[in-house]
Protein chains: 2
Amino acid sequence: MIEIDCDGHRSGVQPGSDDLLHIAKRLAAGKLTLKGIITHAGNSYSCKSTEEIAAMSRQERDAAVGCAQRLRQHGFSCPEVSVGSTPTAYFADDLSGVTEVRAGVFVFGDLVMGGLGVVKPQDIAVSVLTSVVGHQKEKGWAIVDGGWMAMSRDRGTSRQRVDQGYGVVCNLDGEILDDIIMVDANQEHGVIAHRSGDPKKVPDFPVGTLLRILPNHACATCAQHDRYHVVDSGGLQVNAVWPRFQGW
Amino acid sequence: MIEIDCDGHRSGVQPGSDDLLHIAKRLAAGKLTLKGIITHAGNSYSCKSTEEIAAMSRQERDAAVGCAQRLRQHGFSCPEVSVGSTPTAYFADDLSGVTEVRAGVFVFGDLVMGGLGVVKPQDIAVSVLTSVVGHQKEKGWAIVDGGWMAMSRDRGTSRQRVDQGYGVVCNLDGEILDDIIMVDANQEHGVIAHRSGDPKKVPDFPVGTLLRILPNHACATCAQHDRYHVVDSGGLQVNAVWPRFQGW
């Protein structure tokens with residue numbers, strides 16, 4: 001597949017460039033099969049509103065479908081037109097001509113998508129289950145047994161309007177505890193506190209309390225674990241264990 | 001083991017507090033065996049000089065050994081005195097009374113340790129092997145097939161005097177290419193460029209060029225992979241494959 005750069009974000013051929021046809025000719029000369037066009041609108045993660053995301057989705061689709069059409073007009077077969085990115089997948093209003101949408105975070109949602117307005121935080125479908133193992137009461141800290149090795153170092157919300165630290169804290173039922181976040185993380189420990197830092201605003205979390213942490217970036221957090229434990233809402237009852245495909 | 005907070009960094013009992021003896025008494029009353037004292041001088045990562053690190057090492061040792069002595073003076077057995085942190089392990093000049101040093105990055109070194117003056121960058125013994133898969137020549141970018149999923153999101157050097165981006169670039173032989181770093185990373189792609197951003201200062205890296213990337217933080221980077229490939233200096237010859245213990 002020929003990658004095109006639909007938004008100037010990363011890699012690929014510029015949609016209007018001669019490289020597109022040049023590569024297709026080289027592939028044909030080499031008796032290789034051109035399967036299609038692929039792109040990823042990574043800049044959608046920097047959008048400030050859902051209107052901007054919808055516009056980015058049109059730009060992504062138009063660039064990919066336009067390149068496929070150019071190839072076909074020049075006699076090349078181009079069966080696949082593959083686009084990506086979770087924000088554009090949610091807000092696409094026209095995917096005609098597209099044959100594949102590759103969206104990863106789409107499966108679970110995460111806090112970055114929450115900050116973008118793509119999902120509601122309470123609908124995020126993956127969390128890291130931690131236990132309170134200690135306190136630094138004068139600092140307003142509860143310490144849990146999962147730090148950045150459990151959450152990943154991804155701090156995607158640090159560039160958004162609301163910085164969610166290393167994650168938003170929920171009770172075992174998955175209900176968000178208002179303004180309680182993982183304010184900092186060490187390798188194996190997370191620091192749970194009130195967003196304001198005010199020790200008086202931190203609930204009493206006895207040692208052993210189970211807390212769920214919603215991730216900044218589902219891809220990065222899930223990659224730190226080798227399996228999913230599938231639970232009903234509210235429960236510790238594990239109904240299934242799903243192994244993960246690791247790598248990329 | 002009773003954790004003590006030797007540097008106000010994270011968790012544990014304050015060395016001078018009554019909690020130390022209180023916990024030891026509770027353990028004895030519960031017929032549990034107190035094995036010893038454990039601490040980790042995490043603040044050593046924020047030191048600005050090797051002199052500061054050496055002082056932190058003494059502080060860590062003195063706090064841990066002092067607590068062990070207090071316990072013994074009050075009739076408790078305290079066979080183990082465990083300290084940690086790679087910087088303090090390197091610059092310790094007195095470990096008398098210590099029975100265990102837990103230092104992780106110590107094994108490989110990394111760029112954060114390089115920035116602290118603990119190791120030389122050319123002595124770092126772990127890297128991520130990547131291939132050049134594309135270019136954005138007008139931006140001065142070479143794109144490699146490893147991004148933050150390969151390097152981790154850890155940007156420990158961003159708080160140091162020299163920000164090494166997502167890693168320092170070496171040739172296949174492990175020789176550092178001056179001022180060529182991974183300036184940015186997407187999930188699966190790394191952006192290789194000159195530190196200055198000047199496109200004219202980037203060597204020609206044809207597609208397929210193999211580049212080794214030295215990590216900011218060995219713990220975080222290694223955790224993104226399930227095995228080590230052990231090679232001789234200079235070679236692609238893999239002499240051994242070491243599976244990793246995952247988790248924490």
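A few points about this structure:
- Region B:166-200 - residue that is out of contact with any helix residue (DSSP H, G or I) (no Cβ under 8 Å at 6 or more places or on another chain) and within 14 Å of another protein chain (Cβ to nearest Cβ) and, of those, nearest to B:Ser49 (Cα to Cα): B:Val183
- Scanning region A:118-139 for residues that are in contact (Cβ under 8 Å) with a residue 24 or more places away in the chain and assigned to a helix (DSSP H, G or I) returns A:Pro121, A:Gln122, A:Lys137, A:Glu138, A:Lys139.
- Qualifying positions in region A:127-146 - at pLDDT 95 or above and more than 16 Å from A:Leu210 (Cβ to Cβ): A:Gly140, A:Trp141
- Members of region A:111-162 found to be within 11 Å of another protein chain (Cβ to nearest Cβ), within 27 Å of A:Thr50 (Cα to Cα) and touching a strand residue (DSSP E or B) at 6+ places or on another chain (Cβ under 9 Å), listed by number: A:Met151, A:Arg153
Here's the yes/no breakdown for (1) open to solvent by 10 Å² or more (accessible area, probe 1.4 Å); (2) assigned to a loop (DSSP other than H, G, I, E, B):
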site: A:Ser158; (1), (2): yes, no
site: A:Arg161; (1), (2): yes, yes
site: A:Tyr166; (1), (2): yes, yes
site: A:Asp173; (1), (2): yes, yes
site: A:Val183; (1), (2): yes, no
site: A:Glu188; (1), (2): yes, yes
site: A:Pro203; (1), (2): yes, yes
site: A:Val207; (1), (2): yes, yes
site: A:Asn216; (1), (2): no, yes
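- Residues being in contact (Cβ under 8 Å) with a residue 60 or more places away in the chain and more than 11 Å from A:Val128 (Cα to Cα) - total across region A:222-234: 3
- Residue in region B:209-244 that is nearest to the other protein chains (Cβ to nearest Cβ), counting only those that are hydroxyl-bearing (Ser, Thr, Tyr) and under 22 Å from B:Lys120 (Cα atoms): B:Thr221
- On inspection, A:Ile192 does not qualify as touching a Pro at 6+ places or on another chain (Cβ under 9 Å) and open to solvent by less than 20 Å² (accessible area, probe 1.4 Å).
- Qualifying residue in region A:110-117 (condition: open to solvent by less than 30 Å² (accessible area, probe 1.4 Å), assigned to a loop (DSSP other than H, G, I, E, B) and at pLDDT 95 or above): yes
- Check on A:Arg212, without any contact (Cβ under 8 Å) to a residue 40 or more places away in the chain and either under 20 Å from A:Asp145 (Cα atoms) or open to solvent by less than 30 Å² (accessible area, probe 1.4 Å) (or both): no
- A search for C-beta distances below 7 Å between a residue of region B:20-31 that is closer than 18 Å to B:Gln69 by Cβ and any residue that is open to solvent by 100 Å² or more (accessible area, probe 1.4 Å), counting only pairs 6+ apart in sequence or on different chains, returns B:Leu21/B:His74.
- Helices (runs of 4 or more DSSP H) wholly inside region B:1-102 containing at least 1 residues that are open to solvent by 40 Å² or more (accessible area, probe 1.4 Å), of a type in the set (Lys, Arg) and within 14 Å of chain A (Cβ to nearest Cβ): B:19-29
- Boolean, B:Asp232 is open to solvent by 70 Å² or more (accessible area, probe 1.4 Å) and within 22 Å of the chain's Cα centre (by Cα): no
- Conditions (1) touching an Asp or Glu at 6+ places or on another chain (Cβ under 7 Å); (2) modelled with pLDDT under 95; (3) not acidic (Asp, Glu): number failed by B:Cys6: (2)
- Hey, A:Trp141 touching a Phe, Trp or Tyr at 6+ places or on another chain (Cβ under 7 Å) and either open to solvent by less than 20 Å² (accessible area, probe 1.4 Å) or on the phi < 0 side of the Ramachandran plot (or both) or not: no
The values are calculated or read from the model by the stated rules, or taken from the named source; none is laboratory data. Remember, it's a predicted structure, so these values are computed and weren't measured experimentally. Please note: Cβ atoms are built from the backbone with ideal geometry, for glycine as well, and neighbour counts cover all protein chains shown. For accessibility, only protein heavy atoms count, side chains too; no ligands or nucleic acids. Shrake-Rupley method; radii C 1.70, N 1.55, O 1.52, S 1.80 Å.
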